[in-house]
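Notes follow once the structure below has been shown.
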Amino acid sequence: MSARSLSRALLVLSPFVALAACDGSTVTDDAGGGGSTDVFVPPGVDADMEAPDAYVAPGEDANGPIGDVTYYEDLRPIIAQHCQSCHVAGGVAPFPLTTYTETTTWGGRLVEVTRDRIMPPYLADNSGDCQSFRDARWLTDAQIATFAAWHEQGMLEGDPTTPAPMVVPPPVLRGAVSTLDIGVDYAPDTSGTDDYRCFIVDSPGGYVTGYDVHPGNPQSVHHVIVYEPTDDGEGDEARRLDAAEAGPGYTCFGGATVNAFPVVLWAPGGGATEFPAGTGVEIPASRPLIVQIHYNLLASTATDRTRVDIETTARAIPAYILPMVDSGFNIPPRMESYSSSQMQSLDALGSITPRVYGSFPHMHTMGTRLQVDLVRPDGEMCVIEVPRWDFNWQLAYWYETPFRVTADDQVRITCEWNSMGRDTNTTWGEGTQDEMCLNFFYVSL
Ligand code: HEC
């Protein structure tokens, strides 16, 4: 099976083609109490909710926390590893969690946000019920129980002379790096609390095999997505949009406005991303790349010059970003929950059986839930589940165990929205008032 035939099959599969044919519109995508009871149940957790696993700290037994849970011995190592990439002075989080006092100030809330898995921000379920992902920003049940036990026991300080925890350095790029530079100190549009801007940059050509983003203003840059136009014409169209609007770049919300797919998905606190070994996404030098930056201006309105480092090679096993789409939904207004789902055939794969390495789910601000399942002749397999969608955290999820798909498989994508804030129906589109229901697969041979 050749890379070229995979490329052709995916082109046929691409819903860009099908969608453009059926509704004539331009569809672009883009692309987030302690004690010694047998089982520890945090306060506020009732019997109907899933009880966390028994808390087992080092040196304790499976019957639960026996000794004191203290800040210095038990909590600080977890916070250093899982919270401080954002909760530091000048970081993207609105307050630091670096001292005992800062931590006690937020005591009860820390229990809730960890129990509900609101923090650290990571949208996909990584429990193993629906896959697990590499480098997941995911607390273990025991770590969650440690927050609860610490709070329950009165937020004990412990021994301040305990050695500071070793902080695992974030991953870095290992290969040759080209820097995509937006070229200006951009002054965000402060007429609202958010500004979504697309900047055009030249492509270095070759294959992208990894990326890292260095925000110019870490307090306002909330996410960065780099799109590759699907062909040179779409690239020209992006340049036209840029020229037509005053100032650097052009306004864009749910995508690049032109037909394009995401190559880089970045939100703060992560470090570098390496694509699966040997694979890369081709970025022809003949068309520009589009760097979309979401500025949230509540903490800072200062100018920004974000740099995107992309690791490139001349040759790689080609990977493709393949969209799985439900575009036919029509969400009635004022509904707490509305869901829609669509099956997509993989017929066009023919005899090719590519591997799926990653998933990039995407919805807009009304989205609450997203799930993708593989429907196979011999049963179903959950591929990604996002129990609580959050537009602010659009991330790439890399499978711990990549899986193959065949022409006999179908993909079902299911999305749920809350339309309580809307007075009219909501359909597919790129605008702030439109919605999407989309998951990109990162596939390769
Ligand atoms: C990747 C960045 C990041 C990481 C890692 C992170 N936070 Fe946050 N946190 C934020 C941001 C940003 C906010 C502001 C609200 C938002 O944008 O979601 C926030 C808000 C909070 C809040 C206030 C939210 C509320 O609803 O009251 C708490 C409490 C919190 N974080 C605790 C934690 C804890 C505990 C950890 C580690 C276990 C953690 N965070 C890890 C970025 C992060």
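The values are calculated or read from the model by the stated rules, or taken from the named source; none is laboratory data. These numbers were taken from a predicted model, which means no experiment stands behind them. Cβ: placed from backbone, ideal geometry, glycine included. Neighbour counts: every protein chain shown. These accessible areas exclude ligands, DNA and RNA; they are computed on the full protein's heavy atoms, side chains included. Shrake-Rupley method; radii C 1.70, N 1.55, O 1.52, S 1.80 Å.
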Segment 146-225 and segment 244-284 have their Cα centres apart by a whole-number Å value of 15
For the pair Val167 and Ile317, what calculated FRET efficiency results from E = 1/(1 + (r/R0)^6), where r is the Cβ-Cβ distance and R0 = 41 Å, to the nearest 0.05?
0.75
Once the whole set of protein chains is in place, how much accessible area is left on Arg307, using a 1.4 Å probe, in Å² to the nearest 10?
100
Fully extended, how many nm does the chain gain between Asp236 and Arg305 (0.36 nm per residue separation, minus their Cα-Cα distance)?
22.5 nm
Residue farthest toward the positive end of the dipole of the chain, with Cβ of Lys/Arg at +1 and Asp/Glu at -1: which of Pro163, Tyr100, Gln344?
Gln344
For Thr427 and Ala187, extending 7 Å from Cα along the Cα-Cβ vector and measuring point to point gives, in nm, a value of 4.0
Rounded to the nearest 500, what is the chain's calculated 222 nm mean residue ellipticity when only DSSP H runs of at least 4 contribute -39500 (n - 2.57) each, over all residues?
-4500 deg cm²/dmol
Is the shape of segment 171-315 rounded, prolate or oblate, going by the alpha carbon gyration tensor and its root eigenvalues a ≥ b ≥ c, with a/c under 1.5 for rounded and a/b larger than b/c for prolate?
oblate
Length gained if Ser127 through Arg109 is fully extended, taking 0.36 nm per residue and subtracting the Cα-Cα distance, is 4.2 nm
Once the piece of chain linking Ala136 and Asp347 is laid out straight, how much longer is it, given 0.36 nm per residue of separation minus the C-alpha distance between them?
72.8 nm
Amide H neighbours of Met119 at under 5 Å, excluding residues fewer than 5 places away on the same chain, with H built from the backbone geometry, are Thr114
So what's the gap between the Cα centers of segment 376-403 and segment 84-127, to the nearest angstrom?
24
With all protein chains modelled, accessible area of Leu445 [1.4 Å, Å²]:
50
Put Leu97, Leu241 in order of accessible area, largest first, 1.4 Å probe: what do you get?
Leu241, Leu97
Length-normalised contact order of segment 323-445 in % [C-alpha pairs under 8 Å, at least 6 apart]:
46
